[in-house]
There are 2 protein chains.
Amino acid sequence: MRFAMLPTPWPEVVQGLEAAGHEHGPLDGAEFLVFHGGAEDFPELPASVKYVQMAFAGLDGLREAGLLSGDVRWANAAGLYADSVAEGTLGLMLGAAHMYKLVTARASWDVAETMQHESSFLYEDKTVMIVGAGGIGRRLIELLDPFGCHVIAVNRSGREVPGAQETYPIARLQEEPALWGRADFVVLLAPLTEETHDLVNAEVLEQMKPSAFLINAGRGPLVDTDALVSALRAKQIAGAGLDVTDPEPLPDNHPLWELDNCLITPHTTNTVPIMRRSLPALAVRNAALYEAGERMETECDPVAGY
Amino acid sequence: MRFAMLPTPWPEVVQGLEAAGHEHGPLDGAEFLVFHGGAEDFPELPASVKYVQMAFAGLDGLREAGLLSGDVRWANAAGLYADSVAEGTLGLMLGAAHMYKLVTARASWDVAETMQHESSFLYEDKTVMIVGAGGIGRRLIELLDPFGCHVIAVNRSGREVPGAQETYPIARLQEEPALWGRADFVVLLAPLTEETHDLVNAEVLEQMKPSAFLINAGRGPLVDTDALVSALRAKQIAGAGLDVTDPEPLPDNHPLWELDNCLITPHTTNTVPIMRRSLPALAVRNAALYEAGERMETECDPVAGY
């Protein structure tokens with residue numbers, strides 16, 4: 001098939017698709033589009049385009065901009081970055097739990113004082129609640145296995161997640177908000193939808209343990225930022241580790257920057273180099289499935305956005 | 001037996017030993033001393049004291065101060081903090097490899113630019129060389145298992161380390177310095193002795209891969225700090241993660257603070273709360289072994305200092 005890649009072609013992806021017999025060219029006349037930009041970069045689709053292969057897992061940006069047209073089919077990159085995001089998420093968990101002094105340590109440090117600090121160690125019987133436990137969550141559960149954590153998985157269906165000791169459907173968190181209070185780490189990996197917007201708000205933060213950490217590697221707006229700032233200031237929870245924020249990027253002088261119990265990384269649990277290495281194989285498989293008249297491996301519902 | 005605990009008694013340890021039938025009291029008349037201070041706090045030992053139970057794994061401070069008397073027996077806390085230090089070490093590895101933007105991110109961040117960054121991911125076929133692979137190293141190997149790393153263990157004897165793909169005696173690093181160049185992560189967990197002082201110097205840093213990270217959770221003087229500053233400035237290696245430094249604490253305005261490719265935590269992979277929770281059981285076991293006329297579980301050679 002003929003395909004286009006926008007906003008700029010990635011050589012790894014173009015070569016991978018060409019090696020599978022597809023032909024790279026302009027958008028006009030292309031049968032499918034591989035896209036790795038934001039809503040502002042998204043083109044008017046010519047009638048030749050039958051499906052769009054996205055480079056990201058989250059389609060929320062396009063959905064909010066009203067660009068998820070039902071006239072074409074959509075495939076995302078769900079699951080493709082399970083290894084990288086799970087590893088980055090574990091890094092955020094360990095960073096938030098252990099490195100409380102990191103952001104202030106550029107000044108004097110008092111050995112006697114820092115040694116007294118009560119760090120939170122994963123190996124000491126911790127309960128980890130993973131909200132949005134899909135492919136990344138399953139991989140994170142594998143990485144947590146040697147620590148012996150108790151894992152509570154939360155997903156849409158409530159269908160049992162391998163490796164988790166308990167699994168609940170996300171609706172259960174509203175019926176039984178005390179569930180939030182069982183976790184030493186609340187890890188957000190959910191997609192952003194109308195249902196998950198502000199999932200963690202002031203009421204949820206009140207339910208959490210004072211010793212608990214909130215980790216967000218999903219999407220910034222899963223968390224009500226103002227409520228989080230208040231909870232961190234009041235030490236209502238022990239800390240947060242955020243790879244995504246709302247707004248993003250976080251503006252200079254945003255109050256989150258001033259909080260010693262908040263670890264922030266700039267949306268780097270996944271990176272473009274990882275995408276470039278991982279996307280070609282999926283794009284080739286999806287193109288073959290499309291040509292065979294089948295559902296693509298990561299085909300999405302443009303109405304739901306996932 | 002009668003025992004003293006200095007510089008201050010820790011209730012958890014006193015209660016643990018009392019529950020095993022021992023009697024807490026002043027140093028004069030005590031048969032053993034439990035000690036958790038520095039060389040400057042170490043008392044003149046009365047003749048009643050037959051052995052000293054240290055709260056730390058490293059005796060280098062007392063050894064350098066000439067305080068490791070051969071007139072009494074010594075036990076350290078080797079292996080007791082394997083869980084905590086291994087977990088903290090993994091945190092440093094992930095932090096150094098992923099969080100390159102952390103220390104500068106308090107200012108503006110450019111999404112397009114940060115997403116281009118080539119992070120180093122453990123899951124992508126990384127080789128980890130653990131220098132000083134004892135109890136902490138074995139535990140770290142367990143934590144690394146789900147990432148599928150190739151582990152090169154280095155210890156005194158060269159005796160095979162479970163879970164490592166290769167094990168070498170430390171002398172091999174001098175005979176074959178190119179070994180350093182095989183590692184994506186060089187992790188230092190060795191005790192500080194005359195042999196290991198400045199183990200990582202300018203020559204070793206030159207052997208390392210430009211993409212490699214140096215992680216030090218052992219003792220600060222294992223690394224020639226000036227050589228490390230030069231290597232990090234010149235981007236001769238990708239970065240460093242340091243829980244220990246030389247000097248320690250690191251003075252304000254030390255050049256290491258200014259380096260974006262250096263992650264520093266203030267000697268917190270182990271903490272006093274962890275020691276207080278972990279030491280009582282070991283102290284009780286060692287006291288029983290001593291009374292039975294046996295070698296204590298963590299008995300040390302006061303000449304070697306480990």
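Below, the figures for the structure above:
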| read-out | value |
| --- | --- |
| Close pairs from region A:220-234: first outside the structural domain of A:Ala190 (by the TED database), partner buried (at least 20 other Cβ atoms within 10 Å of the Cβ) and of a type in the set (Ser, Thr, Tyr), Cβ under 8 Å, at least 6 apart | none |
| Yes/no for B:Asn270 being surrounded by fewer than 16 Cβ atoms within 10 Å (Cβ to Cβ) and either within 14 Å of chain A (Cβ to nearest Cβ) or touching a Pro at 6+ places or on another chain (Cβ under 8 Å) (or both) | no |
| Some residue of region A:272-285 being over 21 Å from the mean Cα position of the chain (by Cα), more than 24 Å from B:Glu118 (Cα to Cα), without any contact (Cβ under 8 Å) to a residue 24 or more places away in the chain and outside any helix (DSSP H, G or I) | no |
| Failed criterion for A:Ser48 (all others in (1) touching a Leu at 6+ places or on another chain (Cβ under 9 Å); (2) surrounded by 19 or more Cβ atoms within 10 Å (Cβ to Cβ); (3) among the polar types (S, T, N, Q) hold) | (2) |
| Scope region B:280-301; condition small (Gly, Ala, Ser) and within 16 Å of B:Val52 (Cβ to Cβ); matching residues | B:Ala283, B:Ala287 |
| Per-region count, region A:180-191, residues of a type outside the set (D, E, K, R), within 12 Å of A:Ile130 (Cα to Cα) and part of a loop (DSSP other than H, G, I, E, B) | 3 |
| Qualifying residue in region A:111-133 (condition: within 19 Å of the chain's Cα centre (by Cα) and surrounded by fewer than 22 Cβ atoms within 10 Å (Cβ to Cβ)) | no |
| Single residue of A:Leu90, A:Leu80, A:Leu59 found to be within 22 Å of A:Ala283 (Cβ to Cβ), within 14 Å of chain B (Cβ to nearest Cβ) and surrounded by 22 or more Cβ atoms within 10 Å (Cβ to Cβ) | A:Leu80 |
| Of all residues in region B:245-267 being in a helix (DSSP H, G or I) and in contact with a helix residue (DSSP H, G or I) (Cβ under 8 Å, 6 or more places away or on another chain), the one that is farthest from the other protein chains (Cβ to nearest Cβ) | B:Pro255 |
| Output for region A:286-305, where each listed residue is in a loop (DSSP other than H, G, I, E, B) and among the aliphatic types (A, V, I, L, M) | A:Ala292, A:Met296, A:Val303, A:Ala304 |
| Whichever residue in region A:118-173 is in contact with a His (Cβ under 8 Å, 6 or more places away or on another chain) and polar (S, T, N, Q) and, among such residues, is nearest to the other protein chains (Cβ to nearest Cβ) | A:Ser119 |
| Filter result (more than 22 Å from the chain's Cα centre (by Cα) and either basic (Lys, Arg) or surrounded by fewer than 17 Cβ atoms within 10 Å (Cβ to Cβ) (or both)) within region B:25-44 | B:Gly25, B:Pro26, B:Asp28, B:Gly29, B:Pro43, B:Glu44 |
| Members of region B:209-237 that are part of a loop (DSSP other than H, G, I, E, B) and more than 13 Å from B:Leu94 (Cα to Cα) | B:Lys209, B:Pro210, B:Ser211, B:Ala217, B:Gly218, B:Arg219, B:Asp224, B:Ala234, B:Lys235, B:Gln236, B:Ile237 |
| Selection within region B:239-264 - within 18 Å of B:Gly91 (Cα to Cα) and under 22 Å from the mean Cα position of the chain (by Cα) | B:Gly239, B:Ala240, B:Gly241, B:Leu242, B:Asp243, B:Val244, B:Thr245, B:Asn261, B:Cys262, B:Leu263, B:Ile264 |
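This table checks each residue for (1) at pLDDT below 95; (2) touching a helix residue (DSSP H, G or I) at 6+ places or on another chain (Cβ under 8 Å); (3) aliphatic (A, V, I, L, M).
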residue	(1), (2), (3)
B:Pro43	no, no, no
B:Ser48	no, no, no
B:Tyr51	no, yes, no
B:Ser69	yes, no, no
B:Val72	no, no, yes
B:Leu80	yes, yes, yes
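The values are calculated or read from the model by the stated rules, or taken from the named source; none is laboratory data. These numbers come from a predicted model, not from an experiment. A quick note on method: Cβ atoms are made from the backbone with ideal geometry, for glycine too, and the neighbour counts reach across all protein chains shown.
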